[in-house]
Amino acid sequence: INHIVHNGGLYKRPFNEAFEETPMLVAVLTYVGYGVLTLFGYLRDFMRQWKIEKCQNATEREEQKDFVPLYQDFENFYNRNLYMRIRDSWNRPICSVPGAKVDMMERVSHDYNWTFTYTGRVIKDIINMGSYNYLGFAQKTGACQEAAAKVLSQYGAGVCSTRQEMGNLDKHEELEKLVARFLGVESAMAYGMGFATNSMNIPALVGKGCLILSDELNHASLVLGARLSGATIRIFKHNNMQSLEKLLKDAIVHGQPRTRRPWKKILILVEGIYSMEGSIVRLPEVIALKKKYKSYLYLDEAHSIGALGPSGRGVVDYFGLNPEDVDVMMGTFTKSFGAAGGYIGGKKELIDYLRTYSHSAAYATSMSPPVVEQIITSVKCIMGEDGTTIGEARVQQLAENTRYFRRRLKEMGFIIYGNEDSPVVPLMLYMPAKIGAFGREMLKRNIGVVVVGFPATPIIESRARFCLSAAHTKEMLDTALKEINEVGDLLQLKYSRRRLVPLLDRPFDETTYEETED
């Protein structure tokens with residue numbers, strides 16, 4: 001009730017997010033499962049050492065045994081004895097456009113996943129529930145493909161130079177102006193790689209004597225960028241505004257360690273949609289805290305740009321906020337736009353500074369012209385500047401698919417994490433044996449899914465992650481849901497102790513939270 005009263009004025013729409021607690025029995029059995037795997041791992045290592053079992057992993061040659069070891073046996077223990085058992089669930093090669101359906105090359109292993117052999121057979125028309133193709137722009141026909149093909153014939157595939165030298169094309173300028181207009185900011189800059197947009201630009205913005213406050217579940221690119229910057233890093237609990245406010249208060253009261261001088265800058269790092277949890281950042285509260293404590297905000301919209309908001313402009317649009325309240329707006333073109341690269345948007349002074357001091361701007365090769373054209377065409381489509389309503393229809397279709405898919409999974413009794421409007425849908429598996437089993441069983445039924453385990457998630461929170469797309473039809477989703485329901489019964493994955501409460505028509509000035517205690 002306190003949350004509703006306190007946040008009612010900040011939120012213009014319901015904010016429903018659920019993280020159901022792991023059932024105690026499931027948690028105990030998961031730990032037991034990892035314990036058994038670890039014991040058998042030590043037994044197999046013992047057998048490999050005494051040449052009873054063939055050793056497949058990388059080891060030093062006999063004549064190098066007195067050197068400093070290149071391969072740490074214990075560090076590689078997880079890969080050797082746990083990951084290798086279910087390695088066939090990852091790195092599956094597809095041989096088609098990553099659209100709503102994909103074709104996959106069949107492969108088999110005769111040595112327990114140490115090596116794979118291709119059979120030459122192609123598995124056709126697998127329903128793709130794993131790619132980040134949120135708006136369905138990953139396609140080999142249509143306006144985007146035609147425009148990219150035309151630019152390829154005019155400009156070629158590569159630029160062979162950096163933006164600061166001979167690699168600044170008119171297409172790059174056009175893209176940046178369009179992205180700035182799309183985001184509602186003064187200026188924007190595009191980069192050739194989404195990961196490097198974070199990891200190479202954060203060090204240009206903060207350094208020694210600065211403080212970074214980072215969400216505990218931030219992406220590896222944000223973590224790397226923060227570490228490379230040399231700034232002091234403090235972590236707050238995921239999406240927990242009390243934890244963030246406490247760190248802000250402490251930072252202002254105590255200042256820097258030892259000297260007690262004020263911090264040069266305080267930068268808050270958050271994501272729009274968290275790619276493993278399916279949760280949406282509580283942006284209205286983050287902005288309120290940022291203003292209250294005079295800090296800066298860096299928002300990573302890799303998964304939310306295009307996928308959230310009435311007009312597809314991301315989490316700022318979703319909450320109906322002013323883009324000027326976010327100091328650094330970062331996002332990628334790799335997901336909703338079906339292309340590659342990333343961008344940073346904000347005030348003109350910020351972008352002019354990054355053009356000079358960003359490592360990605362100074363040393364990285366410019367974006368490929370066909371990729372730039374793919375982004376330009378897809379952004380214009382979303383904005384309606386192509387003279388059609390296709391983009392708007394795709395944004396609405398994604399939102400409908402997301403709500404339908406999430407609701408049906410909850411009705412079946414699965415534990416589903418995240419926000420009801422997030423197209424990233426984690427389905428909890430927990431036990432290590434069920435990670436590989438779920439991926440294999442779904443593939444048998446012609447459904448391609450992504451399964452995720454340690455170290456990408458906490459060790460007892462293994463999951464399958466579905467990414468919904470506007471390209472998915474209701475028939476595709478119903479087929480996938482039918483197979484997921486069947487596999488859920490087969491593997492006994494329906495752990496939820498809460499059956500779905502019927503949807504409530506709440507007024508838009510009310511905010512509700514559904515969360516477990518820390």
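Can you tell me the length gained on complete extension of the stretch Asp170 to Gln139, counting 0.36 nm per residue apart and subtracting the Cα distance?
Between Asp170 and Gln139, full extension yields an extra 8.6 nm.
Excluding same-chain residues fewer than 8 positions from Lys291, which lysines have a Cα within less than 30 Å of its Cα?
Of all the lysines, those that pass the test against Lys291 - Cα under 30 Å, at least 8 places apart if same chain - are Lys12, Lys177, Lys208, Lys237, Lys246, Lys249, Lys264, Lys265, Lys347, Lys348.
About its Cα centre, what dipole magnitude does region 141-381 give when the only charges are +1 on Lys and Arg Cβ and -1 on Asp and Glu Cβ, stated in debye to the nearest 20? Spell out each step's value before the answer.
On the way: 27 positive and 23 negative charges, 215 e Å.
The calculated dipole for region 141-381 is roughly 1040 debye.
Ranked highest first by the average count of other Cβ atoms within 10 Å around their residues, in what order do 25-36, 328-339, 358-369, 92-103 fall?
On the way: 25-36: 13.9, 328-339: 26.8, 358-369: 19.8, 92-103: 16.5.
Per-residue mean Cβ counts within 10 Å order the peptides as 328-339, 358-369, 92-103, 25-36.
When only C-alpha pairs under 8 Å and at least 6 residues apart count, what is the relative contact order of region 141-381, in percent? Don't skip to the answer; put the middle values down first.
On the way: 467 pairs, mean separation 74.1, N = 241.
Value for region 141-381: 31 percent.
May I ask you to evaluate 6.51 cos²θ - 1.76 cosθ + 1.60, the Karplus curve with θ = phi - 60°, for each residue of region 258-267 and list the ³J(HN,Hα) values in order in whole Hz, giving x for glycine and proline?
6, 7, 6, 6, x, 5, 5, 9, 10, 10
Place +1 on the Cβ of every Lys and Arg and -1 on the Cβ of every Asp and Glu in region 141-381, take the dipole about the Cα centre, and give the residue among Gly184, Pro203, His303 whose Cα lies farthest towards its positive end.
Projecting each Cα onto the dipole axis, the largest value belongs to Pro203.
Please give the calculated 222 nm ellipticity per residue for the chain, where each DSSP H segment of at least 4 residues contributes -39500 (n - 2.57) and the sum is spread over every residue; nearest 500 deg cm²/dmol?
Values: 17 runs with 197 residues, N = 518.
After summing the helix terms and dividing by residue count, I get -11500 deg cm²/dmol.
Once you list every other residue whose beta carbon is under 13 Å from the beta carbon of Leu269, what net charge do they have if Lys and Arg are +1 and Asp and Glu are -1?
Once all neighbours under 13 Å are counted, the net charge is -2.
Just the number, please: Stokes-Einstein D of region 115-193 in µm²/s, Kirkwood Rh from C-alpha pairs, 37 °C, 0.692 mPa s. Working shown, then result.
Details: Rh = 16.5 Å.
Rounded to a whole number, D works out at 199 µm²/s.
Taking the solvent-accessible surface of protein heavy atoms with a 1.4 Å probe, what is the per residue accessible area of region 66-190 in Å²? Working shown, then result.
Working: 7100 Å² over 125 residues.
Counting only protein heavy atoms, the per-residue value for region 66-190 is 57 Å².
Over region 141-381, with every protein chain in place, what whole percent of the accessible area is carbon and sulfur at 1.4 Å, could you tell me?
Details: 5330 of 9720 Å².
Of all accessible area on region 141-381, carbon and sulfur atoms account for 55 percent.
Once the other residues with Cβ under 13 Å from the Cβ of Pro98 are scored (Lys, Arg +1; Asp, Glu -1), what is the net sum?
Numbers: positive: Arg92, Lys101, Lys140, Lys335; negative: Asp103.
Net charge around Pro98: +3.
Sorted by average packing, counted as other Cβ atoms within 10 angstrom per residue and highest first, what order do 424-430, 57-63 take? If you can, show how the numbers build up before the last one.
Values: 424-430: 23.7, 57-63: 10.3.
Most protected by this proxy first, the peptides run 424-430, 57-63.
Calculate the FRET efficiency for Glu486 and Ala220 from the Cβ-Cβ distance with a Förster distance of 41 Å, rounded to the nearest 0.05.
Working: r = 34 Å, r/R0 = 0.84.
Calculated transfer efficiency: 0.75.
The values are calculated or read from the model by the stated rules, or taken from the named source; none is laboratory data. As the structure is a computational prediction, the values presented were derived from the model and not from experiment. Please note: Cβ atoms are built from the backbone with ideal geometry, for glycine as well, and neighbour counts cover all protein chains shown. The accessibility values were calculated without ligands, DNA or RNA, using every heavy atom of the protein model including side chains. Shrake-Rupley method; radii C 1.70, N 1.55, O 1.52, S 1.80 Å.
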